[in-house]
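The values are calculated or read from the model by the stated rules, or taken from the named source; none is laboratory data. The model shown is predicted, which means the values in this text are computed figures rather than measured ones. We place every Cβ from the backbone using ideal geometry, glycine too, and count neighbours over all the protein chains shown.
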Amino acid sequence: MARLSCDFRYFLIPAAFLFIYIQMRLFATQSEYADRMAEAVDAEHHCTSQMRLHIDQISMQQEQIVALKEGKKRKDQECAQLKALVNDLEEKTLQRIIDKTQVPVAAVVIMACNRADYLERTIASVLKHQNSVASKYPLFISQDGSEPNVKDKALSYLNQLTYMQHIDYDPVQAERPGELIAYYKIARHYKWALDELFFKHNFDRVIILEDDMEIAPDFFDYFEAASALLDKDKSIMAVSSWNDNGQKQFVYDPYALYRSDFFPGLGWMLTKSTWNELSPKLKDNHKGRQFIRPEVCRTYNFGEHGSSMGQFFQSYLEPIKMNDIKVDWKSQDLSYLLEDKYVKHFADLLRMAKPVRGTDLALLTSTIDGDVRIQYNDQSDFENIARQFEVFEEWKDGVPRTAYKGVVIFRYHPPKRVFLVGPDSLQQLGIENA
């Protein structure tokens, strides 16, 4: 028994070590678990903190969104109120300016943007000749954008004109690389202004001027006479006050008017029926129609600085001759400009002109008395001849500037006329064996 008891004690020592080892492992495991629990608690606290931060940020963003929505709502309300005020101002100004017993010949709109000094000069020129016929030609300023000096300048004339404002924040995408975005914005402004005048104010005709133009003494009489042509002859798309080759050395007769396949622009009038056709797509679609233009310009463009960056100004715009005499257009018979008569009228002028051929055509022409005609074969040939005379070389859509049936006419050593004649112009005009 004593031996067995001794043997048992031998087993207690390893058991004690094993127990101690187990206790140490258990303590280590408990410590590791406690550390992991502490990490988990820290992570949970961090997650909770981050979540609260995100919640706070989302809450702030939601508050900002609500504030922005409220701000937009206020701005929309302010814009609506301002629009209502502008509309009311337009109506009151129109009621004050337009003589109810006088049917207007045409509304006159000056297209403006950000050149207050130019606009002032244009308004002064227009009012100088418009005051006596104000009821026939109600005057509008249409501003593109919100340049304050332009707006203030326009509003300072409220007793004599009506102010309109075009605000457009939509982005502009050019159709072709390299095109000036400014031209697209100008086109949008034109469409808006003409829609306003034709559809909202219901004018039958509109004369469009730009904010860098002066007008001739007979500007309004000229357009009144031409309005009868527009109404009678639907082959006339618009009437212009401009001649691209209207420089002092190339003009002579202030009574002379011509038809042209090239749109002159720069002070022009069109009808509501024509705009009804053009407005939906805003495309230049002549459909074989033509334009009336004068030999001597009824407008002068002084805008050296603008969207076209002064292109051609010194060479072509600055030397323009603006008519300075008061032509009595009411006494003039303009029926020769009607389509069925004009072809014969123009062909007769061309038929009587003496053909000139050679190399130094300008020199040869200067030695001949009376009108001359010079044949060109293609665009390159035309440009070479035009350079000799220093007239416009530019073509657009296959048409030289000012051309009628391919014929460009200008004065050279006035009163001599020069006809630059296209390869099939004589055939188009019914001239044979010339």
(message) Tell me yes or no: at least one residue of the stretch 395-412 is loosely packed, with under 13 Cβ neighbours inside 10 Å and touching a Lys or Arg at 6+ places or on another chain (Cβ under 6 Å).
(response) no
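Across the stretch 130-151, what is the number of residues that are part of a loop (DSSP other than H, G, I, E, B) and closer than 23 Å to residue 223 by Cβ? First the steps, then the outcome.
Quick first cut of the stretch 130-151, residues part of a loop (DSSP other than H, G, I, E, B) only: 134-138, 145-147.
From the residues that got through so far, the ones that are closer than 23 Å to residue 223 by Cβ too are 134-138.
Counting residues in the stretch 130-151 that are part of a loop (DSSP other than H, G, I, E, B) and closer than 23 Å to residue 223 by Cβ gives 5.
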(message) residue 203 - would you say it is aromatic (Phe, Trp, Tyr), within 24 Å of residue 267 (Cα to Cα), in a helix (DSSP H, G or I) and in contact (Cβ under 8 Å) with a residue 12 or more places away in the chain?
(response) no
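Checking the condition farther than 30 Å from residue 135 by Cβ and either modelled with pLDDT under 60 or surrounded by 10 or more Cβ atoms within 10 Å (Cβ to Cβ) (or both), which residue from 53, 82 passes?
Criteria check complete, one pass: 53.
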(request) Spot the failing condition for residue 429; the list is (1) closer than 20 Å to residue 244 by Cα; (2) touching a strand residue (DSSP E or B) at 6+ places or on another chain (Cβ under 9 Å), and only one is missed. (result) (1)
(request) Quick one: in the stretch 161-194, of everything that is modelled with pLDDT of 95 or more and polar (S, T, N, Q), which residue is surrounded by the fewest Cβ atoms within 10 Å (Cβ to Cβ)? (result) 165
(request) Could you check the stretch 330-434 for strands (runs of 3 or more DSSP E) lying wholly inside it with 2 or more residues that are in contact with a Ser or Thr (Cβ under 9 Å, 6 or more places away or on another chain), acidic (Asp, Glu) and farther than 24 Å from residue 265 by Cα? (result) none
(message) Every residue in the stretch 152-169 that is farther than 17 Å from residue 117 by Cα, in a loop (DSSP other than H, G, I, E, B) and in contact (Cβ under 8 Å) with a residue 12 or more places away in the chain, please.
(response) 158, 159, 160, 161, 167, 168
(message) Looking for something touching a residue at least 24 places away in the same chain (Cβ under 8 Å), under 24 Å from residue 189 (Cα atoms) and in a loop (DSSP other than H, G, I, E, B) - is there at least one such residue anywhere in the stretch 216-236?
(response) no
(request) Residue by residue through the stretch 106-129, note down the ones that are in a loop (DSSP other than H, G, I, E, B) and surrounded by fewer than 21 Cβ atoms within 10 Å (Cβ to Cβ). (result) 114, 115
(request) Please give the number of the condition residue 202 fails out of (1) at positive phi; (2) in contact with a Ser or Thr (Cβ under 7 Å, 6 or more places away or on another chain). (result) (2)
(message) Out of everything in the stretch 310-329 that is touching a residue at least 24 places away in the same chain (Cβ under 8 Å) and assigned to a helix (DSSP H, G or I), what residue ends up being farthest from residue 389 (Cα to Cα)?
(response) 329
(request) Filter the stretch 359-394 down to the residues that are farther than 15 Å from residue 412 by Cβ, over 33 Å from the mean Cα position of the chain (by Cα) and not aromatic (Phe, Trp, Tyr), then identify the one that is surrounded by the most Cβ atoms within 10 Å (Cβ to Cβ). (result) 375
(message) Going through 110, 167, 186 one at a time, which residue ends up being farther than 16 Å from residue 270 by Cα, touching a strand residue (DSSP E or B) at 6+ places or on another chain (Cβ under 8 Å) and in the same structural domain as residue 239 (by TED's automatic domain parsing)?
(response) 186
(request) Considering each of 376, 342 in turn, give the residue that is of a type in the set (Ser, Thr, Tyr), under 14 Å from residue 420 (Cα atoms) and touching a residue at least 24 places away in the same chain (Cβ under 8 Å). (result) 376
